[in-house]
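Report on the structure given below.
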Amino acid sequence: MRKAELDQGREEALRRYRIIAPLLEKNLAECEKRDIRWLIREQEGISGRTLRRYIAAFKQGGFDSLLPKERQDKGSCKAIPAEALKMAAEMRQELPARSAERIQQILVSEGYSVARSTLERHLRQQGLSGRAIKAEQKHVVSRRFNRVGRNTLWQADLKYGPYLPDPSHPGRKMRTYLVAIIDDATRLVVHAEFYDNQKLPVLEDTFRKAVLKCGNPDNLYVDNGKIFVSQWLRLACAKLRIRHLKTQIYSAESKGKIERFNRSVEEFLQEAQLEKPQTLDQLNEQFRVWLSERV
């Protein structure tokens, strides 16, 4: 399989995991599950049957079971399978506003080759035609992240650190960056460290150290920074059965607890100016001492 196809398959599996993740949370009441299922079908445009299939596959085989299966008859031309027509009918009945184009996209993601004109004709024959009704915009109130219990939710962020002498370029300065992950319920800093860059490997290092020290969280809450929405992090979360949650764009305030921690780090940065660390190791050693004394 070519790399591009592999990446597309992973993206589709990540999409499916993102869809079912809210239903994988522990201790959900049945009424909550019902409301979440309705909201997922409304927002994602998938049938209840497809949703149940994704969940069953994930519970049985984990993330890899969500990868799309390559069809044996790929490239051949054939009529729309009865199974695909049944799925299309269910999707239109569940949400009359769902367009034929949207239904076609979902079927294609499921591995079916479907012409939109043929699909529309079959829907008309089943009495499921008519102009799509515009769905009223639903105002969904987000639940506040006020989790009870350690490792229920972690929050992660990146903060600019002080300048240090650049060992590779004498006479120059280099910017440092703090990557921090805290536990939402206990405010425990599961891991935080300064680095000399803000590329993906620094997040990989911080996340790995946090998991090794404290185990897997149920949820990881991040902003829309490039490294935090990378395929690597989303794949890592999916394989570890961690729900990857993102803030809304321009809504950094929703990560209030990690933002408050970042503000408290300013106190350390002021003290570090007095100590004048010359290397990254010295800076991190001073930071570890400051964290240990912080109550």
Open item on the list: Tell me the angle of helix 200-214 to the major Cα principal axis of the chain, expressed in degrees between 0 and 90 and rounded to the nearest ten.
Closed with: 80 degrees
TODO: Work out the FRET efficiency for GLU101 and ASP218 from their Cβ-Cβ distance, taking R0 = 35 Å, and round it to the nearest 0.05.
DONE: 0.45
TODO: Report, in degrees rounded to the nearest 10, the 0 to 90 angle that the Cα long axis of helix 82-94 makes with the longest principal axis of the chain.
DONE: 70 degrees
Open item on the list: Sort 150-163, 20-33, 188-201, 50-63 by packing, meaning the average of other beta carbons within 10 Å per residue, with the highest value first.
Closed with: 150-163, 188-201, 50-63, 20-33
Task: Relative packing of 262-274, 226-238, which averages over residues the other C-beta atoms within 10 Å, highest first - done: 226-238, 262-274
TODO: Select from PHE261, LEU188, GLY45 the residue farthest towards the positive end of the dipole of the chain; place +1 on Cβ of Lys and Arg, -1 on Cβ of Asp and Glu, and compute about the Cα centre.
DONE: GLY45
TODO: Round to the nearest 0.05 the FRET efficiency obtained for GLU266 and LYS239 when R0 = 30 Å and r is the Cβ-Cβ distance.
DONE: 0.25
Task: For the chain, with +1 on Lys and Arg beta carbons and -1 on Asp and Glu, the positive-most of LEU107, GLY149, LEU274 along the dipole - done: LEU107
Task: Magnitude of the charge dipole, segment 153-293, Cβ model with Lys/Arg +1 and Asp/Glu -1, debye to 20 - done: 580 debye
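What is the sum of charges around SER109, taking Lys and Arg as +1, Asp and Glu as -1, for the other residues whose C-beta is under 10 Å from the C-beta of SER109?
Counting the neighbours of SER109, the net charge comes to 0.
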TODO: Give me the net charge of ASN284's neighbourhood, meaning all other residues with Cβ under 13 Å from the Cβ of ASN284; Lys, Arg count +1, Asp, Glu -1.
DONE: -4
- [ ] Fewest Cβ neighbours within 10 Å first, please rank ILE46, ILE19 accordingly.
- [x] ILE19, ILE46
Task: Label-to-label distance, nm, for residues given as GLU32 and ASP281 (7 Å Cα→Cβ offset) - done: 4.7 nm
Task: Point-to-point label distance, LEU274-TYR163, nm (Cα→Cβ direction, 7 Å offset) - done: 2.3 nm
- [ ] Report the extension gain between GLU259 and ARG150 in nm, rounded to one decimal, defined as 0.36 nm multiplied by the number of residues separating them, less their alpha carbon distance.
- [x] 37.3 nm
- [ ] Provide the packing ranking of 276-283, 107-114, i.e. peptides ordered by the mean count of other C-beta atoms within 10 Å per residue, highest first.
- [x] 107-114, 276-283
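Might you report the magnitude of the Cβ-based charge dipole of the chain about its Cα centre, with Lys and Arg at +1 and Asp and Glu at -1, to the nearest 20 debye?
The dipole magnitude comes to about 1160 debye.
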Open item on the list: Using only the alpha-carbon atoms, how far is helix 100-109 inclined from the longest principal axis of the chain? Give it as 0 to 90 degrees, nearest 10.
Closed with: 70 degrees
- [ ] Only one of the values [x] 78, 35, 30; [y] 65, 46, 32; [z] 79, 43, 35 was calculated from this structure for Cα extents along the principal axes in Å; name its label.
- [x] [z]
- [ ] Given a cut-off of 21 Å, name the pairs among LYS159/LYS209; LYS199/LYS246; LYS209/LYS239; LYS159/LYS276; LYS173/LYS226; LYS59/LYS86 whose C-alpha atoms lie farther apart than that in the structure shown.
- [x] LYS173/LYS226; LYS59/LYS86
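Readers should treat all values here as calculations from the given coordinates under stated rules, not as data from a laboratory. Bear in mind that the values here come from a model prediction, so they are computed numbers and not experimental data. Neighbour counts run over all protein chains shown; Cβ positions are idealised from the backbone, glycine included.
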